[in-house]
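Down below is the structure, laid out as C-alpha cells.
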Amino acid sequence: MDNSEEKILNEIKQDMQDQSGLVIDAVNTEIDAMRNDQMNFYKQGLKKETDTYLEKELSDLRVYAAMKASQDKLKSKKALLSLRHQYAQEIEDTAEQKLKDFTASADYRGYLETALKQVEITKDGYFLVKEADTALMKDILSKQGLNNEVKTRYFAIGGFLYVDEAQHLEYSCDLSERLRDATDWFHGHSGFSIAEGGEN
C-alpha cells in the first residue's frame, strides 16, 4: 500500500473516530438528561411519599400521645382507687380488731346488759350467742332473774340474737352488723367513697 492510500485510510479512520466520539458524546448527553429527568421524577415521587408518610406518622404520634395520656390518667385513677381501698380496708380491719378486743374486756358485759334493756323478753324467747359468750350471757340473765335458754351460733365478733318464735320476734345485737352499719355510714358520709371509676 502506498503512502497516499495509507494517508486516506488514516483520515477516514480519524474521521470515523471523530464521528463516533460525537455520537458517544451525544448519547452520553442524552443518557445524562434522561437520568436527570428520571432522578427528578423519583425525587418528587419520593418527596410526596415521604411527606405522606411523615404526616401519617405525626397523626399516629398524636393519637398515641392522646391514648398514652388517657392511659396514664386511667392508671393514676386505678392507683388512687387501690390506695383508697387499702386505706378503707385498714380502717375497717382496725375497727373490727378493736371490737374483738372489746368483747374480751370488762366493758363488754355492760354493753350486753344495756342492749338487753332494749328487748321485750318473754319466757318463750331464747338467746343465740357465740360459744365463748355462753357463760357470760347466762350469768347476766340470771342476775336479772331470767332463765331463758342460751344457744350457741357463729358470730364473727360478738353480741347476741334474741328470738321469740311465738311472738314472731327477733332482736339482733350482732356487733358484725353494727360494724357493717358503721362502715356503710363511713362510705356515705366521709367523702372517702370507694367506687370504680369514681372521682371521690
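The values are calculated or read from the model by the stated rules, or taken from the named source; none is laboratory data. If you're wondering where the values come from, they're calculated on a predicted model, not measured in any experiment. Because the Cβ atoms are built from the backbone with ideal geometry, glycine has one as well, and the counts that use them run over all protein chains shown. Calculation scope for accessible area: heavy atoms of the full protein, side chains included, ligands and nucleic acids excluded. Shrake-Rupley method; radii C 1.70, N 1.55, O 1.52, S 1.80 Å.
Tabulated results
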item	result
Pair list, Cβ under 8 Å, 6 or more apart: the range 58-85 residue under 22 Å from Phe186 (Cβ atoms) and at pLDDT 85 or above, other residue of a type in the set (Val, Ile, Thr) and outside any helix (DSSP H, G or I)	none
Boolean, Val119 is of a type in the set (A, V, I, L, M) and within 17 Å of Leu175 (Cα to Cα)	yes
The range 145-160 - residue that is in contact with a strand residue (DSSP E or B) (Cβ under 7 Å, 6 or more places away or on another chain) and open to solvent by less than 70 Å² (accessible area, probe 1.4 Å) and, of those, farthest from Ser172 (Cα to Cα)	Asn148
Residue within the range 114-133 that is charged (D, E, K, R), in contact with a Ser or Thr (Cβ under 8 Å, 6 or more places away or on another chain) and open to solvent by 20 Å² or more (accessible area, probe 1.4 Å) present	yes
Count of the range 99-113 residues which are of a type outside the set (S, T, N, Q) and either surrounded by 14 or more Cβ atoms within 10 Å (Cβ to Cβ) or closer than 17 Å to Glu177 by Cα (or both)	8
Pick from the range 133-180, criterion within 48 Å of the chain's Cα centre (by Cα) and charged (D, E, K, R), ranking: farthest from Glu92 (Cα to Cα)	Lys151
Criterion (modelled with pLDDT of 90 or more and open to solvent by 70 Å² or more (accessible area, probe 1.4 Å)) met by exactly one of Ser172, Ser142	Ser142
Only listed residue being among the basic types (Lys, Arg) and exposed (fewer than 11 other Cβ atoms within 10 Å of the Cβ), chosen from Lys78, Lys73	Lys73
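Yes/no per residue for (1) assigned to a helix (DSSP H, G or I); (2) of a type in the set (Asp, Glu); (3) in contact with a Lys or Arg (Cβ under 9 Å, 6 or more places away or on another chain):
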| residue | (1), (2), (3) |
| --- | --- |
| Ala88 | yes, no, no |
| Ile91 | yes, no, no |
| Thr94 | yes, no, no |
| Tyr108 | yes, no, no |
| Leu112 | yes, no, no |
| Val119 | no, no, no |
| Thr122 | no, no, no |
| Asp133 | yes, yes, no |
| Met137 | yes, no, no |
